[in-house]
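Q: Could you have a look at this structure, given as structure tokens, before my questions?
The values are calculated or read from the model by the stated rules, or taken from the named source; none is laboratory data. Quantities reported herein were computed from a predicted structural model and do not represent experimental measurements. Don't worry about glycine lacking a Cβ; one is built from the backbone with ideal geometry, like all the others, and counts go over all protein chains shown.
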Amino acid sequence: MSSDTEFSKDVRPATAVAAPTTGAIPRGTPHEAPQHYIELLALADIRINGDRPWDIQVYNTDLYKRLLRDGSIGLGESYMDGWWDCDQLDEMFTRLLSARLNERVTGPAKLKLAMSALAYQVVNFQSIKRAFHVGEAHYDIGNDLYRRMLDPRMIYSCAYWAEADNLADAQTHKLDLICRKLQLKPGMTLLDIGCGWGGMAAYAAEHYGVEVTGVTISKEQQKLAQETVQGLPVDIRLEDYRSLTGQFDRIVSVGMFEHVGIKNYQTYFNKVAELLSDDGIFLLHTIGDEVTTKAPEPFIHKYIFPNGKIPSRKEITDTSVDILRLEDWHNFGPDYDRTLMAWADNIQDAWGDLPEYDEAFRRMWRYYLHSCAGFFRSRQGQLWQLVFTKPMNLNEYRSVR
């Protein structure tokens, strides 16, 4: 969602601006595509109106001008408008990203990217004032949607598939992996920054006997999480991490750091160090990118996670050094591809029971899940679990897998 638009699941998202449809053609009608696009897509072994499942089927020839003008937003919005389709969207994106075609943006779209990058150097898009916007725009759009898409614990982050063959087990294994890396023991206090619907907090309290404080910036998440943790020593708060006080034996943050923003990374790590006991352990679970980008991916920023940005390895290292000591860095990025495709299959099967979401929303959601799967399958995207301790902590740390 754009930062100035209220989202409604009952109608086409207000931010989806349909371009003129003068170039509309009947499905299956051959047309001569611009040679530039034919040659560019050939680098990824993708054909326009080809017969393979990852080939793109174009139904409106205005698509080519729209891509030149708007770049990735134009690609996503034109898919929402039904201007093009692809039977295997995830594989199409895998091929596009593996060929690094996302780095070949030219024309007006390149200028828009440059302007966005400049804005992110000047404005703190993840300030305290803006902190709750992503909750309203993404996490509050309907617990029923997430309940149907996710596993029974409603874990909305990468699962761990090393010894699992289904989503529910993979998510449970991930939660237990985190608990073991944190070396949780009965009676400890655990802070869960970005607790989602309470699945991590409930698991740690129930299986490891710890007392948990969870914070979220989503009213709908807090509401459901409070129901999930009833009877357990868990407190779920609607609160920004920067306002937290106290001390905790362990701290965990799963799938939340992507919303922190480069201007706040050092603030984030300083706050964690302030809240963590001297002999404590902190685990950070986050999507990552080897490349340091200046701004978020435009379509994801506008429609899915407003103001979010994927951190790079360098950004995490540069902003945490001298604040926390890195003990372990675990990358299992390919597991996110499998997680996203499991979510995509679940929600595809559930749309018939969710009539309040219109066709434009469904196409947007499919585009989101499948394009992100391609991001990880191409190995451009990483999934990192980092373990930190405070510099004065003299305890030896041995990680697990």
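Q: Is it fair to say Ile178 is assigned by TED's automatic domain parsing to the domain that holds Thr286 and modelled with pLDDT under 85?
A: no
Q: For the range 316-329, state whether one or more residues are in a strand (DSSP E or B) and among the aromatic types (Phe, Trp, Tyr).
A: yes
Q: Against the condition assigned to a loop (DSSP other than H, G, I, E, B) and either free of Cβ contacts under 8 Å to residues at least 60 places away in the same chain or of a type in the set (Ser, Thr, Tyr) (or both), how does Tyr368 come out, does it pass?
A: Numbers: assigned to a loop (DSSP other than H, G, I, E, B): no; either free of Cβ contacts under 8 Å to residues at least 60 places away in the same chain or of a type in the set (Ser, Thr, Tyr) (or both): yes.
No, not satisfied.
Q: Let me ask you something else. Out of Arg398, Arg325, report the one residue that is more than 18 Å from Leu97 (Cα to Cα), not assigned by TED's automatic domain parsing to the domain that holds Tyr265 and not polar (S, T, N, Q). Steps first, please.
A: Numbers: Arg325 fails: not assigned by TED's automatic domain parsing to the domain that holds Tyr265.
Every option except Arg398 fails the conditions.
Q: Shifting gears a bit: Out of all the residues in the range 286-323, which are over 11 Å from the mean Cα position of the chain (by Cα) and among the aromatic types (Phe, Trp, Tyr)?
A: Within the range 286-323, Phe299, Tyr303 meet the criteria.
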